[in-house]
Amino acid sequence: MADHPVLLHTAIDTRDCRGLAEFYRQLLGVRYREGDEPPTDGPDDADWLVLVDDAGNRVMAIQQKADTTAPTWPSEQVPMQLHQDFAVTSVEELERHRARAEQLGAKVLHDRSQDGEEPLYVIADPAGHPFCLLVR
């Protein structure tokens with residue numbers, strides 16, 4: 001018996017379940033849980049998708065929500081509520097992954113890439129959820 005609960009995954013709400021799952025699948029190099037892959041024929045009516053790593057461990061879940069509003073960070077008009085931090089090993093990797101995120105539909109919200117102690121970007125995914133990409 002475990003002493004503490006174990007984090008299963010982080011779930012993110014969005015109006016476009018498949019679109020946001022594809023963004024994170026490509027950005028993080030993960031795959032769909034078996035059975036969650038995009039359909040090869042017919043409509044895609046996914047409302048809950050799980051992304052897993054190479055070992056099959058859950059990384060993230062994406063949930064379809066019709067009535068959700070993107071955070072307005074840094075304004076508190078619509079607060080972040082949650083954000084994720086993704087670490088890379090160097091400034092070169094930071095720039096490479098920032099560019100990849102933008103190519104996948106993300107938007108840079110804050111550039112702190114010149115910070116000598118902890119270079120980072122605050123980036124919004126295509127649904128508007130902020131996350132940090134930082135050198136660790």
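Within segment 74-84, can you find the residues that are at pLDDT 90 or above and of a type outside the set (S, T, N, Q)? PRO74, GLU76, VAL78 - these are the residues of segment 74-84 that are at pLDDT 90 or above and of a type outside the set (S, T, N, Q).
From the set of residues in segment 58-76 that are part of a loop (DSSP other than H, G, I, E, B) and among the small types (Gly, Ala, Ser), which is farthest from THR10 (Cα to Cα)?
SER75
If you scan segment 77-125, which residues turn out to be in a helix (DSSP H, G or I) and polar (S, T, N, Q)?
GLN103
Screening LEU20, LEU51 for residues that are under 23 Å from ARG98 (Cα atoms), assigned to a helix (DSSP H, G or I) and under 11 Å from the mean Cα position of the chain (by Cα) leaves exactly one candidate, LEU20.
The values are calculated or read from the model by the stated rules, or taken from the named source; none is laboratory data. Please read these numbers as outputs of a predicted model, since none were measured by experiment.
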